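The values are calculated or read from the model by the stated rules, or taken from the named source; none is laboratory data. Not measured: the values here are computed from a predicted model. Cβ placement follows ideal geometry from the backbone for every residue including glycine, while neighbour counts extend to all protein chains displayed.
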Amino acid sequence: MIGDLIPMVVMTGMFAMIFGITYIRSRENMAMIEKGLNPRLQKSTPKPFINLKYGLLLLGAGIGLLAAYFIDINLSHKAITPDGQVYDKDNPAIYFALIAIGGGLGLVISYTIEKKWLDKNKEG
């Protein structure tokens, strides 16, 4: 009974999402036209440092993952149960934390590079 409802709910949700995105985009375009802007020209402007930002984000996440791997290998993760058995204890939280820290550092580095470049080109 419930299994029959899942495809209908998924299809209705997908339709609502596509309709909502289309509706919001058309409202945005109409607001731009009312202000005297051309929506096609505004959306085609390139973002100057987008590749640098994504590259540093992925580089930072990769370095964080590598650091987490080395920390995980080199730290002892032995735990003892109350009945005296020894087992290896996994710690996945360190992986998520260091990926987030590395990705955040990559974005901060990207911001500082962009800021220096924009300040240099604004003065010149």
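Hey, does the stretch 23-40 have a residue that's under 30 Å from G104 (Cα atoms), of a type in the set (A, V, I, L, M, F, W, C) and not in a helix (DSSP H, G or I)?
no
Just the residues that are surrounded by 12 or more Cβ atoms within 10 Å (Cβ to Cβ) and of a type outside the set (F, W, Y), please, taken from the stretch 92-107. Explain how you work it out, then say what you get.
First, pick out the residues of the stretch 92-107 that are surrounded by 12 or more Cβ atoms within 10 Å (Cβ to Cβ): 94-107.
Correct list: I94, A97, L98, I99, A100, I101, G102, G103, G104, L105, G106, L107.
Of all residues in the stretch 13-58 being surrounded by 10 or more Cβ atoms within 10 Å (Cβ to Cβ) and more than 27 Å from the chain's Cα centre (by Cα), which is modelled with the lowest pLDDT?
Here the residue is N38.
Limited to the stretch 77-118, what total is found for residues that are outside any helix (DSSP H, G or I) and at pLDDT 90 or above?
0
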